[in-house]
Structures are given as structure tokens and as C-alpha cells.
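The structure under discussion appears below in the form of C-alpha cells.
The values are calculated or read from the model by the stated rules, or taken from the named source; none is laboratory data. On a predicted model such as this, the values are computed, not experimentally measured, just so you know. Positions of Cβ are backbone-derived with ideal geometry, glycine not excepted, and every protein chain shown enters the neighbour counts. Ligands, DNA and RNA are excluded from the accessible area calculation, which covers all protein heavy atoms including side chains. Shrake-Rupley method; radii C 1.70, N 1.55, O 1.52, S 1.80 Å.
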Amino acid sequence: MPFVVNRVKQFVISLLALASLNQLSYAEPQEISLGVVPQQAATVLARVWIPVLAEISQRSGVHLVFKTATDIPTFEERMKNGEYDIAYMNPYHYTVFSKKPGYCAFAREKDRKLVGIIVVNKENPAKTLSDLAGKTVTFPAPAAFAASILPRAEFTRQNIPIDARFVSSHDSVYRGIAQGSFAAGGGIKRTLEAMDPAIAGKLRILATTPAYVPHAFAAHPRLSPETLEKVRNAMLSLANDEVGRRLLEPLSFKGIESGQDKDWDEIRKLGIDHPIGLSKPTPGK
């Protein structure tokens, strides 16, 4: 009889061990990646985002790792493949990637509306968009929402023909205009304000676009609700104390607030359909 009891005990222990192994095989990774759309150079983004993510990790108990890409089309390609556990993406990106692979918004920048700007060199005599007719105007990428889609829509609405070119980031747009390589370009105030003063000081805003809902913080469906809630609560807490506000300052964020999928319905209603990923059109086309 003792022999049978021992065999039963061993069998139960084996089952429990197997169950534990199965749980481990489906456990979330120790590191949660947070991909940031590369509006600026990776080194610039890393400098301002890594301290913020470190603080969120400390407050949530979830280890967040900063990720980005060399350019916006590459970022889009990685989003297509669901490579980021959490991503900070522009409004148009969210309308695309919420469908597939199913990213779901949970937060957004607090008290911010996204406005596109068209900038020119301070020495450029242009006073209105019509003064740029036939000129070379540069944008970060075809699907960059506020810095490309909205400004280009304004040129189209006003029937102003331009020679559109695409570069790798907002920073590349500003540098090109400052150097005189392009007549004008698209961007947003936040990235212009974050630009090297030696470059930004050579530029001026010629026009702005209508305002829309800002970028989304969205999670891949593989992330558990429990983990996501910890991260969201930590993000929202940053604006509540001096440490958090100081870390958000380089991002020009007043804070982070809750967001939900329907917040981006106003973007869906625009009916935008632009190329996404590395199949972008040839510059100038």
C-alpha cells in the first residue's frame, strides 16, 4: 500500500511540474518593448524616452524597454509584424494597426491636440502656401499624420501644386530647410521645439493645419490586461508629482491620460488611405 501511495504522490507532483512548465511557456516576456515612432533621430528619442520608461518601470514593476526604428516606414513595417508589445504611434498609424495586428489604445498625451505645421527658412519671403507653388516641399514619410498627411491635404485643398519629397524624420525635414535644400516642409510644434536651437532658429512657421486627437499609446493583444493596467496606471501617475513632471518635460508632455479606441474615430472618418511600410513611393512621386 505505501508503494501505491508513493507512486500516486509522484504522479501528482509530475502533473504539477508539467502545469508549471506550461504556464511558464505562455508567460509574458520579462521585458516589455515600447516602440516609439521615429519622428526624430534614435539618439534624441533614446535620451528623452529612456528615463521616462525607467520611471514607469519602477512604478509599475514591469520592465519596459525602449525601441524605435531608423525611419518611419521601417517602424510601420515592424508595427505590421506586431514586433512591439506597446507602441507610441501617430493617429493614422493607429487606425491602420488597430485593425491588424490589433493594437488597442489605452492612453494618450494629456491636453494636446495634434496640429501639423508647414515651416520655411526665415530668409524665405513666402507669406502664404500659394507662394510655395511649384516648389520642393519635404515631409518625414507618406503616412506621417500631422507632419505629412495634414500639410499635403492643405496643399491639395487649396489646389497648390508642389514637388513632394520624403526624408527619414522630422529632424531631417528641419535640417534640410535650414540648409536651403528644400523650400518648405511639414512637421509638428513639439518636434520643432525639441530641435537644436541652431537649426530651429533658422526656421519659421508659415501655416498650420486643423487640430486632431494626438498620438496613441497602444498595446498588442498578446499583452495581458493585468500587465497593461500596471503600465497605464504608472503612466497616468507621472503628472502627479515633481519627479514625473520633470521627466515628461523633455517630451513637452503635460502628462499622460487614459485613451480608448473610439477617441480616434475622427481620424477614421477622414477616409485616409496612404501607403504604409517599406513599400513607400519613390521620393518626388
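Among the trypsin sites (Lys or Arg not before Pro) within the stretch 34-135, those in coil by DSSP and having at most 13 neighbouring Cβ atoms inside 10 Å are K99, K113, K122, K127.
Take Q179 and D131, extend 7 Å from each Cα along the Cα→Cβ direction, and tell me the distance between the two endpoints in nm. Using points 7 Å along Cα→Cβ, the separation is 2.4 nm. Loop-resident chymotrypsin sites (Phe, Trp or Tyr not before Pro) (DSSP state other than H, G, I, E or B) in the stretch 100-197 with no more than 13 further Cβ atoms inside 10 Å of their Cβ are absent. Computed from phi, the 3J(HN,Hα) profile of the stretch 149-158 under the Karplus parametrisation 6.51, -1.76, 1.60 (θ = phi - 60°) reads 4, 5, x, 5, 5, 5, 4, 5, 4, 8 Hz, with x in place of Gly and Pro.
Taking amide hydrogens as placed 1.01 Å from N in the peptide plane, the amide H of H215 sits under 5 Å from those of E109, each at least 5 positions away in sequence or on another chain. For the chain, a simple Cβ point-charge model (Lys and Arg +1, Asp and Glu -1, everything else neutral) yields a dipole of about 280 debye relative to the Cα centre.
Put simply, the amide H of A133, placed in the peptide plane, has no neighbours under 5 Å, leaving out anything fewer than 5 places away on its chain. Residues whose amide H lies under 5 Å from that of A184, counting only those 5 or more places away or on a different chain, are T138; hydrogens are built 1.01 Å from N in the peptide plane. In order along the stretch 225-234, the phi-based Karplus estimate (6.51 cos²θ - 1.76 cosθ + 1.60, θ = phi - 60°) of 3J(HN,Hα) comes to x, 5, 5, 4, 5, 4, 5, 4, 4, 5 Hz; Gly and Pro are listed as x. Each Cα pair under 8 Å and six or more residues apart adds its separation to the average, and for the chain the resulting relative contact order is 27 percent. Taken one residue at a time, the phi angles of the stretch 184-197 give Karplus couplings (6.51, -1.76, 1.60, θ = phi - 60°) of 7, x, x, x, 9, 4, 4, 6, 5, 5, 7, 6, 3, x Hz. Gly and Pro are set to x.
Normalised per residue, the accessible area of the chain is 49 Å², obtained with a 1.4 Å probe and no contribution from ligands, DNA or RNA. Starting from the Cα of E226, step 7 Å along the direction of its Cβ; do the same at A198; then give the gap between the two resulting points in nm. Result for the modelled spin labels: 5.2 nm.
Considering only F155, A87, F75, and ranking their Cα positions along the charge dipole of the stretch 62-206 that arises from unit charges at the beta-carbon of Lys, Arg, Asp and Glu, the one farthest toward the positive end is F155. The relative contact order of the stretch 166-257 comes to 20 percent, based on Cα pairs under 8 Å that sit 6 or more residues apart.
May I ask you to give the percent of accessible area on the stretch 47-101 that is carbon plus sulfur, with a probe radius of 1.4 Å? Carbon with sulfur: 48 percent of the solvent-accessible area. Its Kirkwood hydrodynamic radius, worked out from the mean inverse distance over all distinct Cα pairs, puts the chain at 20.5 Å. Considering only Q179, T136, I117, the residue lying farthest towards the positive end of the dipole of the chain is T136, judged by Cα position with unit charges set on Cβ. When restricted to Cα atoms, the stretch 86-213 yields an Rg and a Dmax of 14.9, 46 Å, respectively. Computed over the Cα atoms of the stretch 163-285, the ratio of the radius of gyration to the Kirkwood radius (Rg/Rh) comes to 1.02.
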